[in-house]
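**Student:** Mind looking over this structure? Questions follow.
What follows is calculated from the coordinates using simple rules that are stated; it is not laboratory data. What you see is a predicted model, and the numbers here were worked out from it, not measured in a lab. We place every Cβ from the backbone using ideal geometry, glycine too, and count neighbours over all the protein chains shown.
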Amino acid sequence: MIIKNQDIRERSFHFALNTVKNCRRIKERHKEFILTDQLVRSSTSVGANMREARNAESKADFIHKLSICQKECDESIYW
């Protein structure tokens with residue numbers, strides 16, 4: 001559940017956890033591995049890139065890392 005005041009880093013972490021849990025269920029029930037593995041990679045990458053953005057060396061680096069987060073979100077939607 002997402003709470004309105006929740007920090008974006010916290011939300012991305014919960015997004016990754018929920019995705020991993022759901023993908024495990026899909027693997028167990030439907031024996032699907034390729035798409036779920038890709039979905040896990042893209043969804044967990046969002047939070048990892050958020051953490052990297054937090055430690056950016058410049059404003060441009062920060063923006064670049066957040067743009068990677070957006071791309072990973074879009075990829076997760078695709079899968």
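**Student:** In Å and whole numbers, how far do the C-alpha atoms of the range 10-78 stretch along each principal axis, longest first?
**Tutor:** 45, 20, 13 Å, listed from the longest principal axis down.
**Student:** Now a separate question. May I ask you to derive the FRET efficiency for residue 63 and residue 30 from their Cβ-Cβ distance with R0 = 35 Å, giving the value to the nearest 0.05?
**Tutor:** Once rounded, the FRET efficiency stands at 0.35.
**Student:** Also: Please give the peptides 15-25, 55-65 ranked by average Cβ packing (other Cβ atoms within 10 Å per residue), highest first, as a rough proxy for protection.
**Tutor:** Those peptides, ordered most packed to least, come out 15-25, 55-65.
**Student:** Which residue fluctuates most in the GNM of the chain (Cα springs below 10 Å): 68, 34, 26?
**Tutor:** Per the Cα network of the chain with a 10 Å cutoff, 34 tops the list.
**Student:** Identify, among 63, 22, 44, the residue whose Cα sits farthest towards the positive end of the charge dipole of the range 10-78, taking +1 on the Cβ of Lys and Arg and -1 on the Cβ of Asp and Glu, with the dipole about the Cα centre.
**Tutor:** Going by the Cα projections, it comes out as 22.
**Student:** State to the nearest 20 debye the size of the charge dipole of the chain about its Cα centre, where the only charges are +1 on K and R beta carbons and -1 on D and E beta carbons.
**Tutor:** 320
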